[in-house]
Amino acid sequence: MVGYLEVKELTTGYGEKEVLKNISFDLKSGEMLGIIGPNGSGKSTLIKAITGIIPIWSGEVNYDKKNINELHRRERARIIGVVPQDTFINFPFTSWEVVMMGRNPYLGRFENPKQKDDLAVKEAMKATKTLRFKDRSVRELSGGELQRVVVARALAQEPELIFLDEATSHLDIGHKLETMDLMKDRVKQRNIGVLSIHHNLNLAARYCDNIVLLDEGKVHAKGSPKKVLTRAHLRAVYGIEAEVDENPRDGSLYVTPIKRKVMTEDKEEVVHVICGGGTGGTLLKELVEHGYEVTTGVLNVMDSDQKMAEFLDLKCATEAPFSSISEQAKNENLILTEEADLVVGTDFAVGPGNIDNLKALLYAAGSGKDVLLLERNEFRERNHMGRKGKEIYDRLVSKTTVKTMASMDDLLRYLSRGNI
Amino acid sequence: MIKKNTGWIIAGLTVLLLITAIYSATVGTADISFKEVILITLNEIPLINRYVTAPEGSSRTIVVLIRLPRIALGIIAGISLSVSGTSMQGIFKNPMASPFILGVSAGGGLGAAVGFYFGVSFYYLPLLAFSTAVSTVFLVFALGRVRKKTDIATLLLAGLAMNFLMSGLTSYIRYMSPPEKMVQMQILSFMLGNLNEAAWNQVHITLPIMIVGVGLVFAYSRDLNVIQMGEGSALQLGVDVERTKFVQLVTSSLLAATMVAFTGIIGFVGLMIPHGARLIVGPEHKRLIPTAALMGGIFLILCDTISRLMGEIPVGIITVLLGSPFFIYLLIRNRGDTGW
């Protein structure tokens, strides 16, 4: 089989409401393509449009250069088999009878199933491990068992493309993997193409050769899992902060959602935070979640505040691990300070390595910037520079533009009142 | 469930139908034996009558002109209503659907009531009932069209609404009609359904309609199976869902409307027989439709025989009285599993 499904500029919707706009992608035989996207992004609508359940408004879908709309529905059913998320069957058909319905596109109106059809059904039920309940009524099956029967129906259809519409979402983890493994085997052995809608990003990352990420009816990104499953894409589309790591065993990606991004309106103000040693991590996150644009520095690489800054994708002046602040990092930090509308200094410990950070605060205050000092610990307790440190600190707090805050909540409240 | 023996089941039911029919022809005020009935019947069939000598006289007249057409019409009505009910339950994916779900009975009832009220001639009454039944269904269809498709849920509600409207109008006519003119009694008799006025000319009209109708429903039986997977899945499995719905709904409504026109509203057959048949051969429509058809024929002539024995009470009373206990039995047996 040398199937090649080409979706070109597809636009569709329900009634007056446009749901998908200018969707384009390809599905080749031998490929597993994943469709991901939040609820309401139009994933299932895509399958409905390609399989003719709803009309295509504009654009086209071609299979082997033939417009799929012009194919007879029986012909199309021999090309595409669909496994829906749910199936409700009101009457007590046996599992065998349900799988045999996959042969419908091959049977004429008055034709009875032949040996060939029996074989296809039997093979499909074997592959899905449903043969042992072939004579049982589907109404007596568990949800997972019924879903495997429906998968068998799609296999018995012997299609060149299989579409899974969140087909494994109700299966337990064992059967999820089993079903996806089965699809992978089919793709390899019979060179079919599989298009699968996933809610589970890790399942998509693990099984799909390529992924299309939908957002509000448009393609946000498409390509290899590495290209699509990036933190920036996940943040933009799902509104989550997530870690994306590579599975050391097979090189597949796995996504760990950390937390949902609080959807506050983005503010225009830029806050520069001078911190270090874990004194600023939480504050950085809070400020980002409150919608401020946040920069930070100078932080040593591998410092916990630096890790947070990297995780939040912040502009950050950095220095090599366990090194004193260099001239270059210092200047970088001063530039960020100048660009900010407000500068925050946390109660970091002051030593010879980072005395320049304290000087940077003084520089900011001196140049007329508002400076907030987060003082949960008194300065003398964290001053390891003796008189030299105290001298700079005293000059800093004497500036009229400098205010001290006793807690992070006070600080955030002060900002939210518009004192910026 | 017995599945593989469908051929034997259908053969058995056919034999049972014949025996019931012949038995029914022996029942009545005139005492006519089983043998006489067979001889008289065979004598009526061309070619065979050369080899059969039947008893002459009143027995022959009673069997040929009164009992046989009534039995034939009973079989036709039983088959038509059961097949219509099976088809409706399939399209609505709902075991509570009946042939009258789209307003056939209420529409036909209104036509008949108007006919009785104005004293329309006996020959035109079926025509009147048929046209109002069909117009009602047509209206229901028009209401059930959503974006060029037949929406099953809307159709169900439209049927319900038209049923109420037509029944309301019928009740008004019944209420307004003077008691001394027997109009009320005639309307009631129509609403309960009866085979009293069966005649061969009715058989000649209804038989071809039944054959074509049952044939059409049967022709789309596999499509009806696949539609049980959901309309979307059916489409993806290559079924022309809209055409299947149209053929099934129109055909089964016409089957029911034809029977309503000639026999009144015989309830319960179309609702209950499909269940009974499903218990025996399962829900697969290629087996279910012939089984339900034969069971419907047997059930209705049995009920009509009882009705004759009880002094010509409307057969609809018997079908309901015999049918509901069976229904309650099904309910108890399958309690908790709404799909039966």
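Laboratory data are not the source of any read-out in this text; all were calculated from the coordinates shown. What you see is a predicted model; the values in this text were computed from it and never measured. Please note: Cβ atoms are built from the backbone with ideal geometry, for glycine as well, and neighbour counts cover all protein chains shown.
Simple rule: put +1 on each Lys or Arg Cβ and -1 on each Asp or Glu Cβ in the stretch B:85-220, find the dipole, and look at B:LEU155, B:MET166, B:ASN201; the Cα lying farthest toward the positive end is B:LEU155. Taking square-rooted eigenvalues a ≥ b ≥ c of the alpha carbon gyration tensor, is the stretch A:270-416 rounded, prolate or oblate, where a/c under 1.5 means rounded and, failing that, a/b exceeding b/c means prolate? Judged from the Cα gyration tensor, the stretch A:270-416 comes out rounded (a/c under 1.5). Using the structure shown, select from A:LYS43/A:LYS66; A:LYS307/A:LYS390; A:LYS134/A:LYS188; A:LYS369/A:LYS399 the pairs with a Cα to Cα distance greater than 20 angstrom. Among A:LYS43/A:LYS66; A:LYS307/A:LYS390; A:LYS134/A:LYS188; A:LYS369/A:LYS399, the Cα-Cα distance tops 20 Å for A:LYS43/A:LYS66; A:LYS307/A:LYS390; A:LYS134/A:LYS188. Shielding value for A:85-95 is 6, the average number of Cβ atoms from other chains within 10 Å of each residue's Cβ.
Converting phi to 3J(HN,Hα) with the Karplus coefficients 6.51, -1.76 and 1.60 and the offset θ = phi - 60°, the stretch A:398-406 yields 7, 5, 6, 7, 9, 10, 9, 10, 7 Hz in sequence order, with x at every glycine or proline. Placing +1 on the Cβ of every Lys and Arg and -1 on the Cβ of every Asp and Glu, with no other charges, gives chain A a dipole of roughly 1380 debye about its Cα centre. If you take the Cα centroid of the stretch B:173-197 and the Cα centroid of the stretch A:41-115, the two points sit 51 Å apart. By DSSP, the beta bridges lying fully in the protein assembly as shown are antiparallel in about 45 percent of cases. Choose one of B:GLY316, A:ALA365, B:LEU73: the residue whose Cα lies farthest towards the positive end of the charge dipole of the protein assembly as shown (beta-carbon charges +1 Lys, Arg; -1 Asp, Glu; about the Cα centre). My answer, from the dipole projection, is B:LEU73.
Spacing of the modelled spin labels on B:SER121 and A:LYS184, each 7 Å from Cα toward Cβ, amounts to 8.1 nm. With K and R counted +1 and D and E -1, the other residues having a Cβ less than 15 Å from that of A:ILE68 yield a net charge of 0. Could you work out the helix-only [θ] at 222 nm for chain B, with each DSSP H run of four or more residues adding -39,500 (n - 2.57) and the total divided by the number of residues, to the nearest 500 deg cm²/dmol? So the helix-based figure for chain B works out to -24000 deg cm²/dmol. Largest GNM mean-square fluctuation among B:VAL146, B:VAL83, B:VAL214, using chain B with Cα springs under 10 Å: B:VAL146. Amide H to amide H distances under 5 Å link A:VAL344 with A:HIS272, A:VAL273, A:ILE274, A:LEU372, where only residues 5 or more positions off or on other chains count and H is placed in the peptide plane. Look at the dipole of chain A built from charges on Cβ: of A:TYR14, A:SER196, A:SER95, the Cα furthest out on the positive end belongs to A:SER95. When +1 charges are put on Lys and Arg Cβ atoms and -1 charges on Asp and Glu Cβ atoms, the dipole computed for chain B relative to its Cα centre reaches about 720 debye.
Sorted from fewest to most neighbouring beta carbons within 10 Å, what does the list A:GLU6, A:GLU246, A:GLU31 look like?
On the way: A:GLU6 16, A:GLU246 12, A:GLU31 20.
With the fewest neighbours first, A:GLU6, A:GLU246, A:GLU31 line up as A:GLU246, A:GLU6, A:GLU31.
Taking the Cα centre of the stretch A:270-416 as reference, the dipole from Cβ charges on Lys and Arg (+1) and Asp and Glu (-1) amounts to some 560 debye.
Place a label point 7 angstrom from the Cα of A:LYS122 along the Cα-to-Cβ direction, then list the residues of the stretch A:134-151 whose backbone nitrogen is under 15 Å away. Answer for this model: A:134-135. Determine the distance separating the Cα centre of the stretch A:375-394 from the Cα centre of the stretch B:25-75; give it in Å without decimals. For the stretch A:375-394 versus the stretch B:25-75, the Cα centre distance is 121 Å. Report for the stretch A:270-416 the percent antiparallel among DSSP-assigned beta bridges with both residues inside it, nearest 5. Taking every DSSP beta bridge within the stretch A:270-416, about 0 percent pair in antiparallel fashion.
Taking a straight Cα-Cα cut-off under 12 Å and skipping sequence neighbours fewer than 8 places away in the same chain, the aspartates and glutamates within cross-link reach of A:LYS330 are A:GLU319, A:ASP356. Anisotropy class assigned to the stretch B:202-340 is oblate, per the alpha carbon gyration tensor with a/c at or over the 1.5 cut-off and a/b no larger than b/c.
Helical runs (DSSP H, four residues minimum) scored at -39500 (n - 2.57) apiece and divided by the length of chain A put the mean residue ellipticity at 222 nm at -10500 deg cm²/dmol.
Could you pull out the pairs from A:LYS48/A:LYS226; A:LYS48/A:LYS285; A:LYS28/A:LYS116; A:LYS114/A:LYS222; A:LYS227/B:LYS148 whose alpha carbons sit more than 32 Å apart here? Going by Cα-Cα distance, A:LYS48/A:LYS285; A:LYS114/A:LYS222; A:LYS227/B:LYS148 fall outside the 32 Å limit. Centre-to-centre separation between the Cα atoms of the stretch B:278-311 and those of the stretch A:169-197: 46 Å.
Counting other Cβ atoms within 10 Å as a rough exposure proxy, the listed residues A:GLU293, A:GLU111 run A:GLU111, A:GLU293 from fewest neighbours to most.
Taken as entire DSSP H runs, the helices of chain B that both span 18 Å or more between Cα atoms along their own long axis and average 1.0 or more on the Kyte-Doolittle scale are B:6-26, B:68-91, B:104-118, B:125-144, B:152-176, B:200-219, B:315-333. Neighbour counts of other Cβ atoms within 10 Å put B:ARG147, A:ARG235, A:ARG413 in the fewest-to-most order B:ARG147, A:ARG413, A:ARG235. By definition, a body whose alpha carbon gyration tensor gives a ≥ b ≥ c is oblate when a/c is 1.5 or more and a/b is not larger than b/c, and the stretch A:194-267 fits this oblate description.
Net length available on complete extension from A:ASN62 to A:ALA236 is 59.5 nm, with 0.36 nm assigned per residue and the Cα-Cα distance removed.
Counting only alpha carbon atoms, the long axis of helix A:355-366 and the longest principal axis of chain A meet at about 80°. Bridges between two residues of chain A, per DSSP, are antiparallel at a rate of about 40%.
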